[in-house]
Amino acid sequence: MQTTKLADNIYWVGAVDWLTRDFHGYSTYRGTTYNAYLIIDEKVTLIDTVKDQYKGELLQNIRNIIDPEKIDYIVVNHVEMDHSGCLPAMIDIIKPEKVICSKMGHKAMLKHFHQDDWPFHIVTPGEEMNLGKKTLSFLETRMLHWPDSMFTYAKEDQILFSSDAFGQHLATSERFDDEVNQDILMHECAKYYANILTLYSPLVKKLLAKVKEIGLPIKTIAPDHGVIWRQNPEKVLRAYNSWSQHEGQGNALIIYDTMWHSTEIMAKAISEGLNDEGISYKLINLQVNHRSDVMTDVLNASAIILGCPTLNNGLLPRMAGFLMYMRGLRPTNKIGAAFGSYGWSGEAVKLMNQSMKEMKFNICHQGLRIQYVPEHDHLKDCVELGRTVGSSLNKFIAGETIESII
Ligand code: FEO
């Protein structure tokens, strides 16, 4: 039976989930993995577990290496159920000497599993633990992305077990970064960041600065989802550094929904204005694009132009849902504008402007409403809106500050 080795006596023992297509509202077209790691030493240590329904695969992978009952310690880097779902079953089988976690991890486990008699060992940040030949240390990463989150570092092998960070929802037969298509890997990595970590970007920045400051040598990054970064951990560190700055790439997104195509006609005319200003853009109809894919585009965009007609004095439900989702993730550093057709009351543009204002977007146009179906002169106004966004974007790229007009 083949085993997956990260270093001498350190193994991947997780599970590949080829089936999942939705992760609490995030589309996972390529499935995912739940990574767990086994260290064979005087104190045999399991780092993280898997989703409950995959405990059979976890046990099988462990049994290929060692009898699970020989495990001494279980490290719980993160209590979310995709990594801890089978923890009660594993603790029953293993009867570990220690369940190692952060202070907040302890609290979270009590609230999840209601077992105050587990042999918890709460680590202090920076604490070292000798396993025999190998040493572990623990880095608190509170709110990346849960209060309980922490990293575990294997000192001699320079492996960072990074929990959700640097992960990807990507089910593959391969386990390492150098074995998979790089474009797919980086796309899934960006999608993960956009949909899980955008909100916590200030903490990501602090964490990267701290890792640099303490000069932690990192040979391998072993996340809890997707492939392990053994060839090029620098690649994902550089990407996280860029994503955490919310650096756009100078492009614009026209994100819209439409009822009888009037708002769509406006969207196309706006794109002509962007074209006139030499701006690269993408038209994204929310009817055919999943919100989590749209957020992946938002991560790298510099301007967001929102379009929606008015329905019952409000927004179409897809736009309302998308705005709720995007507001929660709080992307920053974007230029914004809004447009939409309406029949009689016409509140949609105002509502989209309000949302963008809450997200501190730099709104460069007061917004454009057109009653029912646009005619030629209306389309000129749409082109003008596109040009206004495009010229603001060009100034922004040149380093000028764009003040919001709303
Ligand atoms: Fe992969 Fe936050 O769980």
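The values are calculated or read from the model by the stated rules, or taken from the named source; none is laboratory data. This structure is a prediction, so every number in the text was calculated from the model and none was measured. Note that we place each Cβ from the backbone using ideal geometry, even for glycine, and neighbour counts take in every protein chain shown.
The table for this structure:
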quantity	calculated
L87, sole failed condition from (1) closer than 24 Å to T172 by Cα; (2) among the aliphatic types (A, V, I, L, M); (3) within 16 Å of the ligand (Cβ to nearest atom)	(1)
Cβ-Cβ under 8 Å pairs, at least 6 apart or on other chains, segment 160-173 side over 17 Å from K205 (Cα atoms) and of a type in the set (F, W, Y), far side at pLDDT 95 or above and more than 11 Å from the ligand (Cβ to nearest atom)	F161/Y37; F161/I47; F161/V75; F161/F151; F161/T152; F161/Y153; F161/A154; F161/A222
Of the criteria (1) in contact (Cβ under 8 Å) with a residue 24 or more places away in the chain; (2) more than 16 Å from the ligand (Cβ to nearest atom); (3) of a type outside the set (K, R); (4) more than 22 Å from T32 (Cβ to Cβ), which one D117 fails	(1)
Subset of segment 56-84 (residues that are away from the ligand (no atom under 16 Å from the Cβ), closer than 24 Å to R175 by Cβ and not in a loop (DSSP other than H, G, I, E, B))	G56, E57, L59, Q60, N61, I62, R63, P68, K70, Y73, I74
Cβ pairs under 7 Å, 6+ apart, first in segment 349-360 and under 15 Å from Y256 (Cβ atoms), second among the charged types (D, E, K, R) and in a helix (DSSP H, G or I)	S355/R327
S163 vs. criteria on the phi > 0 side of the Ramachandran plot, within 16 Å of the ligand (Cβ to nearest atom) and among the polar types (S, T, N, Q)	yes
Filter result (over 30 Å from R327 (Cα atoms), surrounded by 15 or more Cβ atoms within 10 Å (Cβ to Cβ) and either in contact with a Gly (Cβ under 6 Å, 6 or more places away or on another chain) or not β-branched (V, I, T) (or both)) within segment 200-221	L216
Tally of residues being farther than 21 Å from S163 by Cβ and either touching a residue at least 24 places away in the same chain (Cβ under 8 Å) or among the charged types (D, E, K, R) (or both) across segment 45-67	6
Test: residue in segment 36-44 that is under 27 Å from the mean Cα position of the chain (by Cα), without any contact (Cβ under 8 Å) to a residue 12 or more places away in the chain and not in a strand (DSSP E or B)	no
Residue satisfying all of: in segment 141-157; charged (D, E, K, R) and under 22 Å from the mean Cα position of the chain (by Cα); surrounded by the most Cβ atoms within 10 Å (Cβ to Cβ) among these	D148
The lone exception for Y192 - which of (1) within 16 Å of the ligand (Cβ to nearest atom); (2) touching a residue at least 40 places away in the same chain (Cβ under 8 Å) it fails	(2)
Meets criteria (within 16 Å of the ligand (Cβ to nearest atom) and either crowded, with 21+ Cβ neighbours inside 10 Å or part of a strand (DSSP E or B) (or both)) for I270	no
